[in-house]
1. Please list, ordered by first then second residue, the pairs with beta carbon atoms under 9 Å, 6 or more apart or interchain, first in region 49-76 and on the phi > 0 side of the Ramachandran plot and open to solvent by 100 Å² or more (accessible area, probe 1.4 Å), second modelled with pLDDT of 95 or more and outside any strand (DSSP E or B).
2. Across region 79-104, which residue is surrounded by the most Cβ atoms within 10 Å (Cβ to Cβ) among those that are touching a Phe, Trp or Tyr at 6+ places or on another chain (Cβ under 8 Å) and more than 13 Å from Phe170 (Cα to Cα)?
3. Answer yes or no as to whether Tyr69 is modelled with pLDDT of 95 or more and under 11 Å from the mean Cα position of the chain (by Cα).
4. Looking at (1) open to solvent by 60 Å² or more (accessible area, probe 1.4 Å); (2) over 21 Å from Ser105 (Cβ atoms), which is the only condition Pro181 fails?
5. Of the residues in region 118-141, how many are over 26 Å from the mean Cα position of the chain (by Cα), at negative phi and open to solvent by 60 Å² or more (accessible area, probe 1.4 Å)?
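The values are calculated or read from the model by the stated rules, or taken from the named source; none is laboratory data. This structure is a prediction, so every number in the text was calculated from the model and none was measured. All Cβ positions, glycine included, derive from the backbone under ideal geometry; neighbour counts span all protein chains shown. Note: accessible area is taken over every heavy atom of the protein model, side chains too, but ligands, DNA and RNA are not part of it. Shrake-Rupley method; radii C 1.70, N 1.55, O 1.52, S 1.80 Å.
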Amino acid sequence: MARSSGLVAGLTAAALAGVGFLAYKAEASVSDMKARPGASTGPGKSAPKTPVNPLALPAGSGSGERVVYGLQSRRVWLVEAKGNKVKHTFQVMPSTVNPKPGTYSVTSRAGKIPGSDGVAIEHVIRFAKADGVTVGFSAAVNGSMAAPNPKKKTGGVRMTRADGDVIWSFATVGTKVVVLP
């Protein structure tokens, strides 16, 4: 009889440990859902939404080494060929003239020139034409990223000087540029 009571005690302990572990996992799941915005556990409520990372490389941006420019997101991603890995991403100030979504190539570059708005710019990387205006990435030498005059047709997509340094070393003539809506 001592043997069977030891067996029952062992089974009871194992069962309690299992129930304790399951209770812990359930509490952790509920806590995780409460921590996420928009999460809901009640009946008839919508499932929790997975948050979208605004810095993540957009789907449908192609493959291989490329510069990805999101018009609506006002963001650029520099993507390495190996592993489709984002090397760098940054915000930009769009120009008043934008290219249509599609795939382009860097056609020319200039170290330092006057911009079409009269501001001295550097790290100029041209890749498209739209409405008779050349479109390219550039950084204002004075560091500004002001919105362009909407009455002027300009093609300069402005970035910070630090971001200009990074894209300058990445986007040489012939580098693919993918423009997304």
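1. Matching pairs, first to second residue: Arg74/Val92; Arg74/Pro94.
2. Only one residue tops the list, namely Val92.
3. Against the criterion (modelled with pLDDT of 95 or more and under 11 Å from the mean Cα position of the chain (by Cα)), Tyr69 qualifies.
4. With (1) open to solvent by 60 Å² or more (accessible area, probe 1.4 Å); (2) over 21 Å from Ser105 (Cβ atoms) applied to Pro181, the lone miss is (2).
5. Selection size over region 118-141: 0.
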